[in-house]
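The structure appears below as structure tokens.
The values are calculated or read from the model by the stated rules, or taken from the named source; none is laboratory data. Values in this document were obtained by computation on a predicted structure and should not be read as measured data. Because the Cβ atoms are built from the backbone with ideal geometry, glycine has one as well, and the counts that use them run over all protein chains shown. Calculation scope for accessible area: heavy atoms of the full protein, side chains included, ligands and nucleic acids excluded. Shrake-Rupley method; radii C 1.70, N 1.55, O 1.52, S 1.80 Å.
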Amino acid sequence: MTPQEDQVIKYLNAARTAPAEFAERYLAEIAKHSRAAEECYREMKRTRSMEALEVSRTLSRSSAEHAEDMGKHGTMGHIGSNGSNLAQRIYRYGTWSGSIAENCYYGNGSPLDIVLELLIDDGVPSRGHRRNILNPQFRYVGVAIRPHRWFGSNCVQDFATAVELVGQAVSPALGKRQKWPEAGSDVPCPFVNVAVNELMLPAEKP
């Protein structure tokens, strides 16, 4: 796992384990300039804390496969160049039960920008990416950031309720008693040059 992928997971878990504090830290200023951000801010202020996501080796592999494939072919979306969907990619590395979902982000944003863009979910009426991140039923995640032919880079996040062949968590869960990610120059920007695709609803097993 790269340092950038690790940071994405930490910000995902910060949003889940302390949503109100996350909103105050990172969304309050952006909300002054964006209706979608204001909506997200208000929703997260009302959202109850939930468990942190645990890193799954299986989902890390499925997300890496898709990120590499999209980057190489310059594509977007949830269908691979070989016609594979999320469920099929996961089954190449393990098994799952319950629900699964996938978020895709395109662009050169920082780890914080990636998570904020998907949470705000401007332009996606269903707010599906936000729903995936803040879904308390999801317990496991895999994140991959790879170069992209047209967008510079792309980030794939795969979620699951339960998954077998889960590797040891390689990124500590960010709980309320732990430190927040060190932002450094990773400052939220209300205008991120990205393209975000539509939600993939939880898939059915083949």
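Count charges around Ala31 for me, please; just the other residues with Cβ under 9 Å from its Cβ, Lys/Arg as +1, Asp/Glu as -1.
Charge balance near Ala31 sits at 0.
Between His148 and residues 5 or more places away or on another chain, which pairs have amide H atoms under 5 Å apart, with H built 1.01 Å from N, and which residues are they?
Here the answer is Ser153, Asn154, since their amide H atoms fall under 5 Å of that of His148.
How large is ³J(HN,Hα) for each residue in segment 149-156, as worked out from phi by the Karplus curve 6.51 cos²θ - 1.76 cosθ + 1.60 (θ = phi - 60°), to whole Hz, x for Gly and Pro?
4, 10, 9, x, 8, 9, 10, 10
Where in segment 129-151 is the amide nitrogen less than 20 Å from a point lying 7 Å along the Cα-to-Cβ axis of Arg35?
129-131
Read phi for every residue in segment 15-29 and hand back ³J(HN,Hα) as whole Hz from Karplus 6.51 cos²θ - 1.76 cosθ + 1.60, θ = phi - 60°, with x for Gly and Pro.
5, 7, 7, 9, x, 5, 5, 4, 4, 5, 5, 10, 10, 4, 6
In nanometres, what is the gap between the two model label sites at Asn82 and Arg42, each 7 Å from Cα along Cα-to-Cβ?
Each label point lies 7 Å from its Cα, and together they span 4.6 nm.
Dipole of segment 17-171 (Lys/Arg Cβ +1, Asp/Glu Cβ -1, origin at the Cα centre): which of Gly74, Leu118, Ile90 lies farthest to the positive side?
Ile90
For segment 9-137, report the accessible area per residue in Å² (1.4 Å probe, heavy atoms, rounded to an integer).
On a per-residue basis, segment 9-137 sits at 41 Å².
Using the Karplus curve 6.51 cos²θ - 1.76 cosθ + 1.60 with θ = phi - 60°, what ³J(HN,Hα) values do you get for each residue of segment 120-128, in whole Hz, with x for Gly and Pro?
5, 6, 5, x, 10, x, 6, 6, x
How large is the dipole of segment 69-138 about the Cα centre if only Lys and Arg carry +1 and Asp and Glu carry -1, each at its Cβ, rounded to the nearest 20 debye?
260 debye
For segment 23-140, what is the charge dipole size about the Cα centre, in debye to the nearest 20, if Lys and Arg each add +1 at the Cβ and Asp and Glu each add -1 at the Cβ?
With Lys and Arg at +1 and Asp and Glu at -1, about 320 debye.
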